[in-house]
1. Given the range 578-690, what strands (runs of 3 or more DSSP E) lie entirely inside it while holding 2 or more residues that are under 25 Å from LYS513 (Cβ atoms)?
2. Can you tell me how many residues within the range 483-513 are open to solvent by 50 Å² or more (accessible area, probe 1.4 Å) and not in a helix (DSSP H, G or I)?
3. I want to confirm something. Restricting to the range 139-194 and keeping residues that are of a type in the set (S, T, N, Q) and at pLDDT 65 or above, which single residue is surrounded by the most Cβ atoms within 10 Å (Cβ to Cβ)?
4. Take the range 629-657 and flag every residue that is farther than 19 Å from GLU558 by Cα and open to solvent by less than 10 Å² (accessible area, probe 1.4 Å).
5. Residue by residue through the range 400-417, note down the ones that are touching a residue at least 60 places away in the same chain (Cβ under 8 Å), in a helix (DSSP H, G or I) and open to solvent by 20 Å² or more (accessible area, probe 1.4 Å).
Amino acid sequence: MEAAALRNSVPPDRTAPFFGFVWAVVALAAGVSAGSLLALPGDLTRLPLAFWLMAALAVSFDARPFSPHAERRSMSVFPSICFTFAIALEWGPGPAIAVQAAAVLVSGWRMRYAPWRTVFNIAQYACALVAADAAVRLAPGGGFGLAGRLRPLDVVVAVGAAGAWLTVNHGLVATAVRLRFGGRWWSRIRQGLGFELLATGSLLLLGPVLVAAARTSPALVPMMVLPLYAVSRMARLSAEREQLARRDPLTGLANREALRAEVTEQLAMHAEPAGREGLAGREGPGGHLALLLLDLDRFKHVNDALGHAVGDRLLVEVAARLTAAVRPPHVIARLGGDEFAILATRLDGVAGARQVADRVVAELTDPVPLDGLPLDVGGSIGIALYPEHGDDFATLMRHADVAMYDAKHRGDPVAVYAAESDHNSAERLSLLADLRRVLEGGADDAGEITLYYQPQVAIATGEVVGVEALLRWRHPRRGMVDPEELIRVAEQSAVMRLLTRRVVDDVVEQLAKWSAAGLELRASVNVSVRDLHTGEIVDQIAERLPEYGVPPSRIQLELTEGALMADPRRVLATISRLDRLGVAISLDDFGTGYSSMQHLRRLPLAEVKVDRSFVLGMVSDADDAAIVRSMIELAGALGLRVVAEGVEDERTWRLLHAAGCETAQGWFFARPMPAEDLVTWLARYRPVSPTTQLGMGGEVAGSPPEAAGRPRPAADAAGRLHPSVE
């Protein structure tokens, strides 16, 4: 957390004002204490044994100051204050300043302070002691304990002197911190004030007690050692308990609460309020901080296959590698499970944050050998920067989480937060809440979820061989909700599970109704990445098909290449179970993703769907036409059916037939329509084959009258359980 180098460092652009203040304080201290220090040599021989005992104890205690904040040396408590304040009350500021200087030299050497810091500490204490002495001289009665014994008035005088000491000391330190790190002066004054009043104030108020003991008998002075030691010991135990409470018990890294505290402190240091300087406001190097969120890949598989004991050992090894890759002042924390976070400070913007992330990725590249078994521990890292992506811990965490999931979705090891990837705006959260309500209870004020069906036609014969189920949600206030937006919002939450269950239930029930009416159709349903990762959809279909008496061959699931590549092994496990169940699998948007021939060969696919972005341009673009023909030939060589999406005119229909495509869907045949309208459409539909002569731009017999002359729809994914804007 706070290393010696960091404690002694000063930002380059703050060197001049900061050291100007430091040497000004040193000069002030020399001026106000010169008289009492010059008189000190003549007074030394007259100082009693009690003074020398206090001086020895002050230096001895400061050799090992105690801190109630684990690893935070800047909050250390120096017991010498108790003794030097008592010396100032009894023998004046000169002896007190000399003893305090000796104690500071010892503590500065033990804590590896830079010379300038030790000199400044001596000067600040000297100013504080002179201020306390001035408060004593200005008090009623002209001094402290002049009657030979302490009176109630002397207690008031001591409290006033302690207040003067605290005011001067804390004011000088707060000003120095502001000049060193920036921020508002008043916020720097308030920072640590409560701790200062409690800890340092308590030590100062022991001063009059020491004076009373010294006046009674010097032998009573060493008796202060035991209570001070007890206070020190309790503070150390408290620090150890705090450290345990702020540490992850498994890895020894900081936990979430420790990370939150560190981020909050760093944000204060990097603050950039309008009209004033701050670390984040500097255009030079070191002006940014970033929060990096790391989620390990396939960790659940390790736990499931090898047990939690091996999983814990893996996490310990990952923590060790992170510690090797990320050095202080950066902070590493384990948030729980297989999630880690890194607070990286003093960065040069996005480039600096990426360098930290790249080091982590490189460190996790090599497998971890456990019990002779090499385990891959790659992960995905999301980055959120201050102030660009948030100005508080909660916002930075949420945006880093969004970036991390974006990295997983894109298959990249590292992603920086982008607003367009954030599906959790207030409007989207409201939409998600309405969707949950309509799925759970059919709330009237949230609209209605329905399914539309678009026919799929065998090109050679014109026969309707199936339909694709497309999600529709008409919201009472928003109107028809864009299906793409709907799926993006739902897919990032548990609502996706409810949505999938609803769609599968409705489609299976509709297939049963059609079968009872003599319509034997195959229905295609799009599924999300979340559905394929959990595998719950297999159990649901296996339960619903027998319940409604629907053969598995009547339902087909469509997945995109992006979903396939998100986690091929988990997806393969799910679709292999579906294949054994008898449910066909279709690869949607073929040609737009990154699936390799290896995946096409290994997957139990029955069909590929050529993406509409290629089909729409076949007539006017020779390259698109060549791409479509190549994909049809490839699918045929692999024994897969081919469905072309986005067929909107006769020429495209005929080109697809010439290329050997088997099935097509699009506005050339029919718009998506509700289930009851589909029955009417089928009743008047007459199959037409490519050998039939149609006028250019004509429509298939039985198509809805509005089909002729309709505008071309946007070239997006044909809506589905995923979207359709058709």
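The values are calculated or read from the model by the stated rules, or taken from the named source; none is laboratory data. Keep in mind the model is a prediction, meaning the values are calculated, not measured. Reconstructed Cβ throughout: ideal geometry from the backbone, glycine too, with neighbour counts over all protein chains shown. Please note that ligands, DNA and RNA were not included when accessible areas were found on the heavy atoms of the full protein model with its side chains. Shrake-Rupley method; radii C 1.70, N 1.55, O 1.52, S 1.80 Å.
1. Details: elements: 584-590, 607-610, 641-644.
Those strands (runs of 3 or more DSSP E) span 584-590.
2. The number of residues fulfilling the criteria is 2.
3. Our first condition is that a residue be of a type in the set (S, T, N, Q); within the range 139-194, this holds for 167, 169, 175, 187, 191.
When the remaining residues are screened for being at pLDDT 65 or above, the result is 167, 169, 175.
Numbers: THR167: 14, ASN169: 22, THR175: 16.
Per the stated criteria, the residue is ASN169.
4. GLU650, THR652, TRP653, LEU656
5. Filtering the range 400-417 for residues touching a residue at least 60 places away in the same chain (Cβ under 8 Å) gives 400-401, 403-405, 408-409, 411, 414, 416.
Within this subset, residues satisfying the condition of being in a helix (DSSP H, G or I) are 400-401, 403-405, 408-409.
Hits for the range 400-417 are ASP401, TYR405, LYS408, HIS409.
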